[in-house]
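I have placed the structure first, in the form of structure tokens, so that the comments after it can refer back to it.
Every read-out reported here was derived from the displayed coordinates using simple, explicitly stated rules and does not represent laboratory data. As the structure is a prediction and not an experimental result, all values here were calculated from the model. In this analysis, Cβ positions are derived from the backbone assuming ideal geometry, glycine residues included, and neighbour counts consider all displayed protein chains.
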Amino acid sequence: MFIGAIADDLTGATDLSLTLSREGMKVLQIVGIPPADLDIGEAEAVVIALKSRTNPADEAVAMSLAAAEALRGWGARQFLFKYCSTFDSTDQGNIGPVTDALMAALGTDRAIACPAFPTNGRTVYRGHLFVGDLLLSESSMKDHPLTPMRDANLVRVLGRQSANPVSLIARETVAAGDAALKAAFDGLAGIAIVDAVDDGDLRAIGRAARDLPLVTGGSGIALGLPANFLPPGRAAQDAVLPVPEGRTALLAGSCSTATRAQIARAIADGVPAMQLEPVSIAENRVTVADAVAFCMNAGAGLPPLIWSSAEPDQVRKAQELLGREQAGALVEAFLARTAAELAARGFNRFVVAGGETSGAVVASLDVPALEIGPEIDPGVPWTRSRGGRAPLALALKSGNFGAEDFFLKAWRMLP
């Protein structure tokens, strides 16, 4: 096993697994801290999906170190800490503390950080993270209900979190050639934010990082890593994924701009939809039984959609009434219980929007591992459960990912 990866949420792990698979690696994605005796088979990369993005730093550190220990036990040669391409982490966040802890555990005093994912419009220039043409702090991420991003300068953001010095390796160095970039990595002390504006930059970073024990960033950082370990000419792994026949349900808990647009498009296209509100859930005016009945009665046409996504001002009102964490947790738990009840009634294909929601749903479905299938949109594949109950097909989408027609596109991809 070459690359051992720790992802701070489930959809990010799936995104990373897809990238590694497309670059030729045999990949296994594991949900949660694995048992010590788990057989990883012929996997060349193992991605452990945690649910730690918004946890207190001490909890995230403990979970990440446990995952690293499992990966070390399987013989990982290089470690990758994967977080969101929009660096979802406030000053109280845990990207810095987790990176510091992994550096100490691996006995290294240097690591790089690059969340760039140009295919989805995330680029880093002069240490500033852009979402399309906007600085992160001017994008919709400034209103994220859990991790509002108000500073686009990642050197400053990570510097406020980490006990290590944080510096910048600018694009001029990235573009100067492999030798110059590797020299910059070799001379690094602490953590460096690395500029990247296209996939060519990410591949160059990957080549130069071949001797680094720890690499951190978004899934794009993995583009150039597999070639350091695989024989030349290794083709992408087969994306054909046999899936079980059955009914599909669409579940959306993300409040991102992208997911709200996808919900609106699905409803406009005729998808039967039921909206949830955290206050209604808290007051028991809508129940899991109501949601299950809605899906069961939706008929054999387009798949039913249960959604809770809301505009930023609506989210703030719910948080004021219920508490910031409680509002989101209510929705996640509701959708997770709904998924479990639907699975018991013959639904075995689920499309889930939102990293936190996906983590809750997969836990409720008792899915220990995932096999990676064909790509729906950049960063989002279909997957199939491995182990656990009867096989399930799962499309787990980060809130910010996917085209406007994502929900029906995903549904129509399966036979």
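Remark: the Arg345-Leu230 segment gains 37.0 nm on full extension, using 0.36 nm per residue and subtracting the alpha carbon distance.
Counting every alpha-carbon pair across region 1-51, the share separated by more than 17 Å comes to 26%.
Ranking Ala184, Pro303, Leu251 by Cα position along the charge dipole of region 184-316, where only Lys, Arg, Asp and Glu carry charges on their C-beta atoms, puts Pro303 farthest toward the positive end.
Among the chymotrypsin sites (Phe, Trp or Tyr not before Pro) in region 26-116, those located in a DSSP loop and surrounded by at most 16 other Cβ atoms within 10 Å of their own Cβ are Trp74. In the chain the longest region clear of GluC sites (Glu not before Pro) that are loop-assigned by DSSP and have at most 16 other C-beta atoms within 10 Å covers 43-244. Expressed as a whole percent, the proportion of Cα-Cα pairs in the chain lying more than 31 Å apart is 34%.
So what's Rg/Rh here for region 256-415, counting alpha carbon atoms and using the Kirkwood radius for Rh? Working shown, then result.
Working: Rg = 15.1 Å, Rh = 16.0 Å.
Rg divided by Rh gives 0.94.
Give me the distance between the Cα centres of region 155-207 and region 105-133, rounded to whole Å. Cα centroid of region 155-207 versus Cα centroid of region 105-133: 8 Å apart. Computed per residue of the chain from DSSP H runs no shorter than four, each worth -39500 (n - 2.57), the mean residue ellipticity at 222 nm is -11000 deg cm²/dmol.
If a/c stays under 1.5 just call it rounded; otherwise compare a/b with b/c (prolate if a/b is bigger, oblate if not). Do that for region 3-228, with a ≥ b ≥ c from the square roots of the Cα gyration tensor eigenvalues.
rounded
Across all directions, the shadow cast by the convex hull of region 116-254 built on its C-alpha atoms averages 11.5 square nanometres. Treat region 189-292 as a sphere of radius equal to its Kirkwood radius over Cα pairs and apply Stokes-Einstein at 25 °C in a medium of 0.890 mPa s; give the translational diffusion coefficient in µm²/s, rounded to a whole number. After rounding, the answer is 129 µm²/s. Cα centroids of region 353-415 and region 31-72: 19 Å apart.
The charge dipole of the chain, taken about its Cα centre with unit charges on the Cβ atoms of Lys, Arg (+1), Asp and Glu (-1) only, comes to about 360 debye.
In terms of the Cα gyration tensor, with a ≥ b ≥ c the square roots of its eigenvalues, is region 128-172 rounded because a/c is under 1.5, prolate because a/b exceeds b/c, or oblate? Could you put the intermediate results ahead of the total?
Values: a/c = 3.96, a/b = 1.32, b/c = 2.99.
Since a/c reaches 1.5 but b/c is at least a/b, the shape of region 128-172 is classed as oblate.
Taking 0.36 nm per residue of separation and subtracting the current Cα-Cα distance, fully stretching the chain between Gln275 and Glu172 would add 32.2 nm. Three principal axis extents describe the C-alpha atoms of region 354-400; from largest down they are 28, 22, 11 Å. Spacing of the modelled spin labels on Ala300 and Ala403, each 7 Å from Cα toward Cβ, amounts to 2.9 nm.
Relative protection proxy for 250-257, 60-67, from highest mean packing down: 250-257, 60-67 (other beta-carbon atoms within 10 angstrom).
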